[in-house]
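Comments concern the structure below.
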Amino acid sequence: MTAPELRFGPFRLAPAARELWQGERLIALPPKSFDCLAYLIEHRERAVGRDELISAVWGRTDVSDDLLAQTLLRARRAVGDTGNEQRAIRTVPRFGYRWILPVEECTAPAAAASTTRSPPSRSRLLRIAAALALLLAAAALGAWLLRRPAAPAAAAADGVLVLPVRHAGDAESAWLRLGAMDYIATQLRERAHLQVLPSEQTLLLVGRDTDPTDAGALHRLELATGAGYVLAPSATFEHGDWNVLLDVYHDDGVRSFEARAANPLEAASIALDRFLASRGLPVRNAADDGTSPAAVQVKRIDAAILAGDLDGARRLIEALPETQRHAPEVAVRIGQLAFRAGRLGEASEAFRPLAASTASSPVRAQALMGLGAVAVREGDFDTAQRRYMDAIAVLAESGEAPPDLVGSAYSGRGVAHSARSRFDEALADFGRARVELERAGDRTEAASVDVNLGLLEAGRGHYGDAVQAFDRAIAVFTRFGVRDHLAAALLGKSNAQLALLDNAEALAASARAQELSAQLENPLLKRRIAAVRVAALLASGELDAAQAVLDASGRDGANGAEFGFLRAHLLLERGDVAGAVQRATATLEALASASADANLGDAVQLAVTATRRGGDPALLDRALAQAERDGDGEARLDLDLARRLGRAQQLALRGDPAATPALAEAFAEADRRGVPEAVVAAGIAYADHLVRQRQPEPASTVVGRLAPYAGRDYRAAHAVAVLYRALGNAGLARDADAQARRLAGQRDPAAPL
């Protein structure tokens with residue numbers, strides 16, 4: 001396999017490896033400066049706005065001009081540039097920056113595990129958003145279900161990063177690497193209320209091996225996490241005792257704290273007491289601090305889970321005495337592992353008695369949230385909402401509840417609200433979830449909330465806000481290398497961009513998601529990525545590439561109705577109207593005879609286009625009948641518009657005078673909603689009818705609404721050209737024709753609307 005590298009002058013940038021070389025010398029560069037450099041080079045064909053660069057690199061917009069200037073100054077210095085000469089990065093006054101050096105793309109060996117990177121109606125957006133929300137909810141819930149709750153963390157300026165424990169021992173003590181790391185992190189939260197990066201995220205950042213004596217590696221970790229303290233523990237077994245050494249890196253210095261005990265966690269706890277005392281922070285009290293033999297076994301289970309060895313975690317549980325297997329802390333992990341394996345019934349059996357027990361509040365809350373997660377996975381959002389509400393109540397009664405659990409509970413309830421189109425309630429829950437997760441220092445889970453926010457905004461037609469939310473999440477998932485969540489966020493962003501007719505950016509986001517797809521296991525996510533990739537290719541006129549993705553995705557029957565309609569759209573774009581009608585009819589028949597991946601709004605939109613181009617009107621009759629009969633239970637803003645267009649097109653096909661006001665009303669409704677895709681779809685139908693009826697006067701209104709999109713959408717440019725010709729404006733028609741040809745790709749600009 002090969003990964004692209006970028007050469008300019010004596011420099012070589014390897015984005016996948018995150019390395020900048022000058023000849024044979026590796027140049028040290030802070031992560032944010034590297035990200036700025038890579039982003040500007042990637043988008044070297046244009047100027048990049050200040051806000052765009054900040055959003056892409058920091059994942060937010062509240063970054064000061066001074067911070068941006070200092071970050072870019074380091075990037076400039078690294079490539080031999082200065083703010084005055086500007087040979088590589090040019091400042092564009094009152095806008096942003098642009099990369100100006102010539103760049104040559106080449107290839108170099110890539111790591112095997114590298115985390116690289118008319119058209120279909122967007123009526124499928126809400127259906128995909130709903131399915132993606134369910135998918136992401138299950139993925140996110142699966143992630144937190146396999147985590148331990150953290151004590152409330154203070155919003156300290158100096159966060160803490162605990163590295164995996166280096167140990168010298170036999171295979172029996174290998175669990176210490178992650179188990180003792182997570183124990184130390186948990187104790188720091190519980191005793192001192194410090195903000196400690198979750199262990200899962202630490203592993204994503206440090207990989208298998210990190211040497212804290214490497215100043216460059218340590219600096220990169222500090223920059224990536226914002227940690228003021230980096231704790232590097234090590235453990236050795238000597239003369240019947242465990243010796244734990246805790247090296248604490250802070251302010252470019254290091255202090256060491258050492259302790260011995262018969263139990264490795266006890267030794268770690270004593271060393272930790274000494275560190276906390278040196279900072280004037282609370283040490284242990286008389287309560288159990290989790291160093292008992294039973295607690296050690298639980299830590300071994302957690303270490304296996306952190307390492308991704310779920311089978312090993314199950315074997316450790318099965319090896320426990322019967323009495324320990326029934327302990328609440330173990331029982332809740334049994335349910336969590338069952339949920340992760342997709343055994344929902346088994347998970348419910350484990351969670352249900354715990355939810356009604358007298359176990360600790362965190363355990364009961366986890367059990368209730370586990371039941372909520374099962375309900376989400378099963379699509380029972382009423383039950384899910386109740387379970388999450390109960391979990392929130394249990395955590396509220398416990399006083400200072402762990403903020404990560406509180407955040408996850410609100411996020412889960414927000415998903416249930418969103419799936420039931422209760423957008424205001426969902427927004428409130430997601431907002432609370434984000435605050436709590438940021439309090440806990442859990443950046444990837446906070447980013448998952450941003451994905452849910454993006455899906456919610458897309459579901460109610462606020463696609464610009466959706467893209468911003470997805471971009472925030474993408475920046476975090478990219479930094480931490482969370483491939484499945486990154487791919488899902490890119491998928492949501494692609495759909496939102498298609499709705500905004502930002503087809504070029506949708507194409508880029510879907511390409512990045514497709515690159516990640518090869519490394520994913522979830523078949524639903526992989527299928528959604530393939531579908532949005534086809535949609536983006538069709539929107540850009542890349543018909544052969546769309547065909548290739550469809551062919552690689554297998555038979556329609558294996559992938560649901562969505563792929564059947566995509567194939568019909570492709571045939572329609574190639575000019576094969578009869579073939580498109582045949583494919584769409586067969587897909588509708590499958591929907592009528594079995595439970596399938598229905599998309600009735602898309603079916604109606606497809607039928608409207610096909611019948612305008614001379615296709616059999618029976619397709620529209622059938623699609624509209626199914627949408628009228630089976631679509632009433634679907635909470636889609638755009639299904640109603642599709643049905644309006646379908647009914648208006650039926651009138652037009654019959655020559656009924658009522659067609660004109662019906663199409664005008666559908667166009668006005670699309671205009672009121674303000675979604676560019678809907679405006680163009682309804683505007684084309686109305687424009688085509690006006691031209692056929694030789695009614696040029698209303699056409700000027702349609703031109704005014706479609707013209708803003710003609711520069712980036714082929715269908716809009718084609719429709720504007722047709723309307724200008726009908727209005728007798730030959731010059732403007734030629735300009736619109738030129739735009740249409742530029743955007744057509746492999747489509748025929750001479751084809752009818």
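The values are calculated or read from the model by the stated rules, or taken from the named source; none is laboratory data. These figures come from a predicted structure and were not determined experimentally. Note that we place each Cβ from the backbone using ideal geometry, even for glycine, and neighbour counts take in every protein chain shown.
Taking the range 518-534, which residues are outside any loop (DSSP other than H, G, I, E, B) and of a type in the set (D, E, K, R)?
Lys526, Arg527, Arg528, Arg533
Restricting to the range 170-202, name every residue that is more than 14 Å from Ala440 (Cβ to Cβ), aliphatic (A, V, I, L, M) and within 30 Å of the chain's Cα centre (by Cα).
Matches in the range 170-202: Leu178, Met181.
This table checks each residue for (1) assigned by TED's automatic domain parsing to the domain that holds Asp182; (2) under 30 Å from Arg386 (Cα atoms); (3) not acidic (Asp, Glu).
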{"site": "Leu281", "(1), (2), (3)": "yes, no, yes"}
{"site": "Asp311", "(1), (2), (3)": "no, no, no"}
{"site": "Arg315", "(1), (2), (3)": "no, no, yes"}
{"site": "Glu329", "(1), (2), (3)": "no, yes, no"}
{"site": "Leu337", "(1), (2), (3)": "no, yes, yes"}
{"site": "Arg340", "(1), (2), (3)": "no, yes, yes"}
{"site": "Ala365", "(1), (2), (3)": "no, yes, yes"}
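Within the range 703-746, work out how many residues are buried (at least 22 other Cβ atoms within 10 Å of the Cβ) and among the aromatic types (Phe, Trp, Tyr).
2
So, of the residues in the range 347-359 that are surrounded by 15 or more Cβ atoms within 10 Å (Cβ to Cβ) and touching a Pro at 6+ places or on another chain (Cβ under 7 Å), which turns out to be modelled with the lowest pLDDT?
Result: Ala359.
In the range 6-49, which residue that is acidic (Asp, Glu) and over 26 Å from the mean Cα position of the chain (by Cα) is modelled with the lowest pLDDT?
Glu24
Which count do you get for residues in the range 444-487 that are aliphatic (A, V, I, L, M) and under 20 Å from Leu205 (Cα atoms)?
9
Based on what the data block shows, is Leu344 assigned by TED's automatic domain parsing to the domain that holds Pro164, touching a helix residue (DSSP H, G or I) at 6+ places or on another chain (Cβ under 9 Å) and surrounded by fewer than 22 Cβ atoms within 10 Å (Cβ to Cβ)?
no
Name the residue that is farthest from Arg191 (Cα to Cα), counting only residues in the range 378-423 that are polar (S, T, N, Q) and over 25 Å from the mean Cα position of the chain (by Cα).
Thr383
For the range 342-354, what are the residues that are among the basic types (Lys, Arg) and closer than 19 Å to Tyr388 by Cα?
Within the range 342-354, Arg352 is the sole residue that qualifies.
Which ones in the range 29-43 are assigned to a helix (DSSP H, G or I), under 18 Å from Arg220 (Cβ atoms) and aliphatic (A, V, I, L, M)?
Leu37, Ala38
Can you confirm whether Glu238 is within 30 Å of Ile27 (Cα to Cα), acidic (Asp, Glu) and at pLDDT 70 or above?
no
Could you look through the range 303-334, keep only residues that are under 29 Å from Val206 (Cα atoms) and of a type in the set (Gly, Ala, Ser), and pick out the one that is surrounded by the most Cβ atoms within 10 Å (Cβ to Cβ)?
The extreme case among them is Ala303.
So Arg386 ticks every box in (1) out of contact with any Ser or Thr (no Cβ under 8 Å at 6 or more places or on another chain); (2) in a loop (DSSP other than H, G, I, E, B) but one. Which box is left unticked?
(2) is the only condition that Arg386 fails.
Got at least one residue in the range 716-739 being closer than 22 Å to Leu537 by Cα and assigned to a loop (DSSP other than H, G, I, E, B)?
Taking every residue of the range 716-739 in turn, none turns out to be closer than 22 Å to Leu537 by Cα and assigned to a loop (DSSP other than H, G, I, E, B).
Going through the range 496-538 one residue at a time, which ones are among the polar types (S, T, N, Q) and closer than 23 Å to Ala561 by Cα?
Once the filter is applied, which keeps residues that are among the polar types (S, T, N, Q) and closer than 23 Å to Ala561 by Cα, the range 496-538 yields Gln497, Ser510, Gln514, Ser517, Asn522.
Name the pairs whose Cβ atoms lie under 8 Å apart, with the first residue in the range 693-704 and on the phi > 0 side of the Ramachandran plot and at pLDDT 85 or above, the second surrounded by fewer than 16 Cβ atoms within 10 Å (Cβ to Cβ) and of a type outside the set (S, T, N, Q), and 6 or more positions between them or separate chains?
Sorted first by the residue in the range 693-704, then by its partner, the list stays empty.
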